Amino acid sequence: MTTKQKIYENAIELFALNGYHNLGMRDLAKSVGIRASSIYNHYKSKEDILLEIAHELMTELSTYVYPLYKRMDLAPREFFLNLSIETNRFFERPKINKLTKLLIPLEFEIPRLKELLHVEFIQKPRTGFSYYFQTLMRKGQMMETDPMLAAKMYHSFFVYHFYEKFLTEEPDGFLTRYEALFRNHINLFMDYFRIK
């Protein structure tokens, strides 16, 4: 493992343990066994480390979640269920759970992180759903409506539930405990928009 990798891995652990604001670059350097000044050869700031952590999460999303939006081979109900269940499982993976627990509270304090998470957690999924709904409408499998508004309506339930996870006393496993609720949401949405 390179020094930069050690800094990165230690940062994740120490940010989670002590809190982002309570860990200084000097402490992080000490945990790796290098001089405080040497850490700046690898990262310009603590915020840069945090953004690299966010980019790791985004890379994982690109690999495991975003391809689910392109499953045009599935019937609508299977499409929604597959995307919902697999996304919830993704966010409950131990490493992903640790990264999101670290990033979510900081997104309202760090503008670059806020912008990045807004794109990844809100804009990309909403755009994916809007495209999917347009496709269903073109095929006559969904009532005609504003696809972006439908996307916002559908996705807002998941965003709400995702953020609620981090406000509960027992966040671990929160998303996967409510599979029946997610199924009911899908059924309600499909009935309302007459999705076949």
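List of remarks:
- Pairing residues of region 53-68 that are more than 16 Å from residue 129 (Cα to Cα) with residues that are at pLDDT below 95 and outside any helix (DSSP H, G or I), at Cβ distances under 6 Å and at least 6 apart in sequence or on separate chains, gives no pairs at all.
- Residues (over 24 Å from residue 70 (Cα atoms) and either among the β-branched types (Val, Ile, Thr) or open to solvent by less than 70 Å² (accessible area, probe 1.4 Å) (or both)) located in region 101-139: 102, 103, 104, 106, 107, 110, 113
- Filter result for residue 141 (in a helix (DSSP H, G or I), more than 15 Å from the chain's Cα centre (by Cα) and not basic (Lys, Arg)): no
- Entry remark, region 25-35: residues being open to solvent by 30 Å² or more (accessible area, probe 1.4 Å) and of a type in the set (Gly, Ala, Ser) number 2 in total.
- Subset of region 21-64 (residues that are among the acidic types (Asp, Glu) and over 22 Å from the mean Cα position of the chain (by Cα)): 27
- Restricting attention to region 97-111, the residues that are part of a helix (DSSP H, G or I) and either in contact with an Asp or Glu (Cβ under 7 Å, 6 or more places away or on another chain) or under 18 Å from residue 151 (Cβ atoms) (or both) total 2.
- Residues of region 38-70 that are in contact with an Asp or Glu (Cβ under 8 Å, 6 or more places away or on another chain) and open to solvent by 70 Å² or more (accessible area, probe 1.4 Å): 64 alone.
- Taken as a whole, the structure places residue 166 among residues that are modelled with pLDDT under 90 and more than 23 Å from residue 128 (Cα to Cα).
- Within region 130-153, the residues that satisfy the criterion of being in contact with a Lys or Arg (Cβ under 6 Å, 6 or more places away or on another chain) and among the hydrophobic types (A, V, I, L, M, F, W, C) are 143, 151.
- Filter result for residue 104 (touching a residue at least 60 places away in the same chain (Cβ under 8 Å) and of a type in the set (A, V, I, L, M)): yes
- Helices (runs of 4 or more DSSP H) fully within region 1-74 counting 2 or more residues that are in contact with a Ser or Thr (Cβ under 8 Å, 6 or more places away or on another chain): 3-18, 25-32
- With respect to (1) at pLDDT 95 or above; (2) within 17 Å of the chain's Cα centre (by Cα); (3) of a type in the set (A, V, I, L, M), the lone exception for residue 175 is condition (1).
- Boolean, residue 22 is polar (S, T, N, Q) and closer than 23 Å to residue 127 by Cα: no
- The single condition among (1) free of Cβ contacts under 8 Å to residues at least 60 places away in the same chain; (2) loosely packed, with under 15 Cβ neighbours inside 10 Å; (3) not small (Gly, Ala, Ser) that residue 77 does not meet is (1).
- Taking first residues from region 13-36 that are within 15 Å of residue 106 (Cβ to Cβ) and partners that are of a type outside the set (Lys, Arg) and open to solvent by 30 Å² or more (accessible area, probe 1.4 Å), the Cβ contacts under 6 Å between residues at least 6 apart in sequence or on separate chains come to 23/14.
The values are calculated or read from the model by the stated rules, or taken from the named source; none is laboratory data. Being a predicted model, the structure only gives us computed values, none of them experimental. Please note: Cβ atoms are built from the backbone with ideal geometry, for glycine as well, and neighbour counts cover all protein chains shown. With ligands, DNA and RNA removed, areas are computed over all heavy atoms of the protein, side chains included. Shrake-Rupley method; radii C 1.70, N 1.55, O 1.52, S 1.80 Å.
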